[in-house]
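Encoded as structure tokens, the structure appears first; notes follow it.
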Amino acid sequence: MNTRLTDYQSSPGFKVRKLRVSRMLTRSELAQMAGVSLEDVNSLENNLSSSIETKLQIIRILQVRNADGAERTRELAKP
């Protein structure tokens, strides 16, 4: 498999996008719910620079959890 594609699929942005889509939310809806801009959501999903505060707000809305129910905030909030 293409290394760049594999790297992207393991990235925080890909994981956030996958969770957003699985919850049937548009980027605009997620931005509004998280109290961030649409550009913030786009930046995070495209692995561009975004503040830790923005990442945390988005992750809280998506309620990211492992199979055992533990929050994965640290993994997805990496700069």
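The values are calculated or read from the model by the stated rules, or taken from the named source; none is laboratory data. Everything quoted here is computed from the prediction, not taken from an experiment. For neighbour counting, all protein chains shown are included, and Cβ atoms are generated from backbone atoms with ideal geometry for every residue, glycine included.
Observations on the structure shown:
- Residue pairs meeting the criteria (Cβ under 6 Å; at least 6 apart or on separate chains; first under 19 Å from Ser11 (Cβ atoms), in region 23-46; second modelled with pLDDT of 95 or more and β-branched (Val, Ile, Thr)): Arg27/Val41; Leu30/Val41
- Across region 1-12, a minimum of one residue is classified as assigned to a loop (DSSP other than H, G, I, E, B) and under 10 Å from the mean Cα position of the chain (by Cα).
- Taking every residue in region 4-15 that is surrounded by 10 or more Cβ atoms within 10 Å (Cβ to Cβ) and pairing it with any residue that is modelled with pLDDT of 80 or more, at least 6 positions away or on another chain, the pairs with Cβ-Cβ distances below 6 Å are Tyr8/Phe14; Ser11/Asn47; Gly13/Leu44; Gly13/Glu45; Gly13/Asn46; Gly13/Asn47.
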